[in-house]
Amino acid sequence: MEESRNELENRIAEEVEKRVEEGVQSGIAILISVAITFVITMVVFKFVWAWVVSDLFPGAVAQGLINANLTWLASLKLAVFVGVLSGVYPTFTEAVKQRP
């Protein structure tokens, strides 16, 4: 009786440890993905903004409605937004996948 109880406790402990390890690994992968997306997005927004906005909205740029040059702060804000969005999908799919 005591042996079966210990065996059951050991199996439960192993299962919990396995699930925690999987969760940590997927969490780290998602965080790395978000960080990489953040950095790439910030640089792309900063350097592509003037070229794209001037071509798409020349009248608005001429009237001063849209700034032709994006500041680093504005680029950072857009990158945070895109980075967070890039982490939502994998987080959601992992949560759904782990449901019993």
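The values are calculated or read from the model by the stated rules, or taken from the named source; none is laboratory data. Remember, it's a predicted structure, so these values are computed and weren't measured experimentally. For neighbour counting, all protein chains shown are included, and Cβ atoms are generated from backbone atoms with ideal geometry for every residue, glycine included. We work out accessible area using only protein heavy atoms, side chains counted, and drop any ligands, DNA or RNA first. Shrake-Rupley method; radii C 1.70, N 1.55, O 1.52, S 1.80 Å.
Laid out as a table, the results:
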| read-out | value |
| --- | --- |
| Within straight-line cross-link reach of residue 77, lysines at Cα separation under 29 Å, skipping those fewer than 8 residues along the same chain | 46 |
| 0 to 90° range, to nearest 10: angle between helix 72-97 axis and the chain longest Cα axis | 30 |
| Top positive-direction residue, dipole computed over the chain with Cβ charges, set 76, 35, 63 | 63 |
| Accessible surface of the chain [probe 1.4 Å, protein heavy atoms]: carbon and sulfur percent | 68 |
| Charge sum, other residues only, whose C-beta stays under 15 Å from residue 71's C-beta, Lys/Arg counted +1 and Asp/Glu -1 | +2 |
| Average accessible area per residue (Å²) across the chain - probe 1.4 Å, nucleic acids and ligands excluded | 80 |
| Per-selection Rg to Rh, the chain - Cα, Kirkwood hydrodynamic radius | 1.37 |
| Highest-first arrangement of 46-54, 59-67, where packing means the average Cβ count within 10 Å | 46-54, 59-67 |
| Qualifying lysines (Cα of each under 17 Å from Cα of residue 97; at least 8 residues distant if same chain) | 18 |
| Within region 62-81, backbone nitrogen closer than 15 Å to the virtual label 7 Å beyond the Cα of residue 51 toward Cβ | 69-70 |
| Where labels lie 7 Å past Cα in the beta-carbon direction, separation of residue 7 and residue 72 in nm | 6.4 |
